[in-house]
Structures are given as C-alpha cells and as structure tokens.
1. Return the residues of the stretch 7-30 that are at pLDDT below 75 and not in a strand (DSSP E or B); say none if nothing qualifies.
2. Give me the pairs: first residue in the stretch 47-60 and in contact (Cβ under 8 Å) with a residue 12 or more places away in the chain, second residue in a helix (DSSP H, G or I) and basic (Lys, Arg), beta-carbon distance under 7 Å, and six or more apart or on different chains, which are they?
3. Within the stretch 61-74, how many residues are touching a residue at least 24 places away in the same chain (Cβ under 8 Å) and either of a type outside the set (Gly, Ala, Ser) or surrounded by 15 or more Cβ atoms within 10 Å (Cβ to Cβ) (or both)?
4. Select, from GLN153, GLN182, GLN193, the only residue that is modelled with pLDDT of 75 or more and out of contact with any His (no Cβ under 8 Å at 6 or more places or on another chain).
5. How do the pairs read when you match residues in the stretch 88-107 that are closer than 11 Å to PHE169 by Cβ with residues anywhere that are among the small types (Gly, Ala, Ser), using Cβ under 8 Å and keeping only pairs 6 or more apart or on different chains?
6. Can you run down the residue pairs with Cβ atoms below 6 Å, 6 or more apart or on separate chains, where the first is in the stretch 19-41 and in contact (Cβ under 8 Å) with a residue 40 or more places away in the chain and the partner is in a strand (DSSP E or B) and aromatic (Phe, Trp, Tyr)?
Amino acid sequence: MATQLVIDRWVTDRCSDCGSCMTPHYTQKKHKDGSVYRIPYYRCTKTMHFDNSACSVKHVNADHLERTIIEKLAELSKNEAYLKMTVEELNGDLERKVEPLEKEAERIKKRLQEIEQEIRRYVKALGQGTISIERLETEISALEVDKHALQKQWDDLERKINESASRDFNAEVLQRTLRDFQAVFSALNPPEQLEVFSAGFIGH
C-alpha cells in the first residue's frame, strides 16, 4: 500500500490530454501466414465512454508507456529526498486521520469508567439500605446495556487505530521495495510485464 501511494504521487496513469484513466487493451493483427498476434496498448477511458473524438491522445503504445514508467520508478528509487518528504506527508496524513479516533476512544473509555463507578455506588447503596433490590437490578441492567454498546464501539476504534499504526511508512523500506521491483520486473517476459502493469499500476 505504501509503495503504491508513493508511486501514485510520482507516476501518473492519467491521460495527458483529458486526465482520464488509461486502461490496457489489445489489437489483433495477422501475419502473412494467417496466424494472429496481438499488439498491446493503453487506451484513454474517455474514448470508451464516448468516442475517439472525445480525446486527442486516444491511445498510447504499451512499450512506450511501460518504458516511461520503469524509468520513472528508477528515478524515484534514487530520489531519497523525495521519498523522505513523501513518507513524512503520508505519515502526517495518517496521524491527522487517527487523532479524532483517539479522542473518541478516550471519551468512551472515560464513560466506561464512570459506568463502573455508578455500578459500585448502587451496590454500596444497597448495602446501606438506601435503595431496594428491584431498583438496583433496574439501574444496573440499564448501565450494563450502555456498557456493552460502548465497549463494542471502543474495541472497533482501537482496531482502526492499531491498523493505522501498522501502516506507518518507512522511506528506506520503500526504496528497497522499488529497487527489488526493478530487478524482478526486468526478469519477466513481455506478457508477464504487461500483467504486472495491468494489475498494479495502470487503471487501478
């Protein structure tokens, strides 16, 4: 996820003319012997929703686009300053998203503690003979319902906070990931490379 977010900021899969997504396609051609072969390309999705006149770019040769992206990824893997800056921005975004969750979790935790204190006060009041057993059961039953609902909310918030914490980004890890990707990608054959782009970078 972190790698994809950084790539999204550095490499665009948008049409340079209209800003629509580019999506993988094939066109079929025939050899002189009659056998069919496919030529991959990336098509502007705006031309799919309307017609070819909707965008001046229309489509881009797959080899050209993929070569450009690989070059951009190579640049990105060497740009430590940009990676560090982007990671700091992403982590800042995460912190801003988590902050209201943490405040809400703290509010619920405080209310849960108050409910426990209220339950203890009712039990103490029963022991002192200031309330009846029927009143005790009614009040504690209502408090237990509130406690159960609040506990469920608190557990859900804690899960979301922990999930956000586990997504904390690291510039060095991203840099290694990008370099590893280049090495692996170079070892793939053309159809496999196209599949990687279709699944990971284009039209996601």
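The values are calculated or read from the model by the stated rules, or taken from the named source; none is laboratory data. Values in this document were obtained by computation on a predicted structure and should not be read as measured data. Note that each Cβ is placed from the backbone with ideal geometry, even for glycine, and that neighbours are counted across all protein chains shown.
1. Once the filter is applied, which keeps residues that are at pLDDT below 75 and not in a strand (DSSP E or B), the stretch 7-30 yields ILE7, ASP8, ARG9, TRP10, VAL11, THR12, ASP13, CYS15, SER16, ASP17, GLY19.
2. Listed pairs, sorted by first residue: ALA54/LYS46; CYS55/LYS46.
3. Taking the stretch 61-74 first, the residues touching a residue at least 24 places away in the same chain (Cβ under 8 Å) are 62, 65-66, 69-70, 72-74.
Still in the list and also either of a type outside the set (Gly, Ala, Ser) or surrounded by 15 or more Cβ atoms within 10 Å (Cβ to Cβ) (or both): 62, 65-66, 69-70, 72-73.
Total satisfying the criteria: 7.
4. Every option except GLN153 fails the conditions.
5. From residues that are closer than 11 Å to PHE169 by Cβ, the pairs are LEU90/ALA2; LEU94/SER164.
6. Correct list of pairs: MET22/TYR42; PRO24/TYR42; PRO40/TYR26.
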